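Heads up, the thing below is written out as structure tokens.
The values are calculated or read from the model by the stated rules, or taken from the named source; none is laboratory data. The shown structure was predicted, so the numbers you read here are calculated from the model rather than taken from an experiment. Heads up, the Cβs are rebuilt from the backbone with ideal geometry, glycines too, and the neighbour counts pull from every protein chain shown. Note: accessible area is taken over every heavy atom of the protein model, side chains too, but ligands, DNA and RNA are not part of it. Shrake-Rupley method; radii C 1.70, N 1.55, O 1.52, S 1.80 Å.
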Amino acid sequence: RFGPSKPGRGLPAASARLLAAMGLDELDGEPGLDSILGRQAGGGDEEFAMTFEDLTPFEVEYFVRDLKEFKLEDVGGSAWLTQHEKTEKLNWTAHGQAKEGHDEFVVDQVNMSEKMPTLIYDLILIEVWKERIWPLLKARIAKLSSLRTYIPVYHEATVVNLLEICLYHRTSCEEAGDALVDLVDFCIRKLRYVLATPNDQLVRQVASAKEVAQWDGVKALDEQFVECEFQVCMCVISILRFLTDHRVAVPLAVTTRLLETHDVLLLLVPLMEKAPWVRKNRINGNIEKFEEHKWQIVGREDEGRLPKLHTQVWLTIYNLVMDAECRGRYELTSFRRENLLRLRRYINEVVVDQLPPLTNLHRTLEELSISGQFTGAGQGKAAAGAPP
């Protein structure tokens, strides 16, 4: 545990030991941190500028097989930075293949090499690093190169982005196995963060360059941290949708985790009402939506179109509510029932035209409001209790 610092004593003893293990015991004089970040005298950020070129199948095979699990104290080391660069290139190539409709050999190689649990482990590791280690370091490393200090924070977005591409495929969900339980816990933590944080604080809008010029190093790092956290939170929405798409292919513990442990429906309905992926630009007054990992202005011709993330939330709810086994496992209390019935006001002709399956969801909700229970819930319970 990290205890409070004592006046005049610097970092607490436990933190000091951890920093020493990471090679940061010479932070005040900088050489310890420089060795981790690969800083060289007279060197600039160009040393770490990554070249985004599609990898060949041979490079992909080598990069994927070389992925390994690191310890917490290894984050930021030279070996870890090398793996981050490989992960970044794999992510870039995988997205390019998915966008262009090419053979997705990055995803295939990840599955064949059984690296899905490794990627999920890496995601949880960097989450712990950001929560426990980053607050101890940011004030001391703010004076160094912003690019190098940003890499560990950005790594979480890289890994979750790669997982998003992989989990679109059922084979990746099957390959991940029980590691998906940890991934579900990760996604729930991010959704709770989004719901607990006001929309204007999830991504802060900068009014002018003058405002940015007044930031000190720590403030700039905090803004980068918040922006990265928001991107990760938006990615987990798609991941949850893919997990519900392939629910029958994942371990039963994942379904139990979603419906019983975390009750994800109690998070998804308020999330759709909160809609953090839509904002009003405080400078020009334009309505913007978060798509393709950036804020885009909503044109007049697109005003009636549902944002992609909004669609993902609808489809996740649909998958859970319309699945017979999920109905059987989801015990309907009065509070849970009222939570689901709040969805009826958002299902209209404009929404149904873009998502026709919601017609069935709307009918189910109307039946729920009348009978007080899901239609076919008895069959779902029977299926849930049937032997394999």
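Numerical summary
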{"quantity": "Residue, modelled with the lowest pLDDT, within region 105-135, restricted to residues that are open to solvent by less than 40 Å² (accessible area, probe 1.4 Å) and not in a helix (DSSP H, G or I)", "calculated": "Ile133"}
{"quantity": "Neighbours by Cβ (under 6 Å, 6+ apart or cross-chain): first from region 204-230, farther than 23 Å from Arg140 by Cα; second part of a helix (DSSP H, G or I)", "calculated": "Val206/Val212; Phe230/Leu202"}
{"quantity": "Region 125-142, residues that are among the β-branched types (Val, Ile, Thr) and over 14 Å from Asp74 (Cα atoms)", "calculated": "Ile141"}
{"quantity": "Positions within region 234-281 being touching a Ser or Thr at 6+ places or on another chain (Cβ under 7 Å) and basic (Lys, Arg), in sequence order", "calculated": "Arg241, Arg247"}
{"quantity": "Residue in region 223-237 that is of a type outside the set (A, V, I, L, M, F, W, C), open to solvent by 60 Å² or more (accessible area, probe 1.4 Å) and touching an Asp or Glu at 6+ places or on another chain (Cβ under 7 Å) present", "calculated": "no"}
{"quantity": "Breaking point among (1) over 30 Å from Ala139 (Cβ atoms); (2) surrounded by 14 or more Cβ atoms within 10 Å (Cβ to Cβ), for Leu252", "calculated": "(2)"}
{"quantity": "Among residues of region 166-183, those that are of a type in the set (A, V, I, L, M) and either crowded, with 23+ Cβ neighbours inside 10 Å or touching a strand residue (DSSP E or B) at 6+ places or on another chain (Cβ under 9 Å) (or both), counted", "calculated": "4"}
{"quantity": "Flag if Tyr150 is aromatic (Phe, Trp, Tyr), assigned to a helix (DSSP H, G or I) and over 13 Å from the mean Cα position of the chain (by Cα)", "calculated": "yes"}
{"quantity": "Scan of region 205-218 for residues that are exposed (fewer than 12 other Cβ atoms within 10 Å of the Cβ) and not polar (S, T, N, Q), ordered by number", "calculated": "Ala207, Ala209, Lys210, Glu211, Ala213, Asp216"}
{"quantity": "Members of region 68-104 that are open to solvent by 50 Å² or more (accessible area, probe 1.4 Å) and among the polar types (S, T, N, Q)", "calculated": "Ser78, Thr82"}
{"quantity": "Neighbours by Cβ (under 8 Å, 6+ apart or cross-chain): first from region 177-192, in contact (Cβ under 8 Å) with a residue 40 or more places away in the chain; second surrounded by fewer than 20 Cβ atoms within 10 Å (Cβ to Cβ) and not in a helix (DSSP H, G or I)", "calculated": "Gly177/Pro251; Asp178/Pro251; Leu180/Pro251; Val181/Pro251; Val184/His262; Asp185/His262; Ile188/His262"}
{"quantity": "Scope region 204-240; condition at pLDDT 85 or above and of a type in the set (Val, Ile, Thr); matching residues", "calculated": "Val226, Val232, Val236, Ile237, Ile239"}
{"quantity": "Any pair with Cβ under 7 angstrom, 6 or more apart, that starts in region 271-299 at a residue that is under 17 Å from Glu227 (Cβ atoms) and ends at one that is loosely packed, with under 12 Cβ neighbours inside 10 Å and modelled with pLDDT of 85 or more", "calculated": "Glu288/Ile297"}
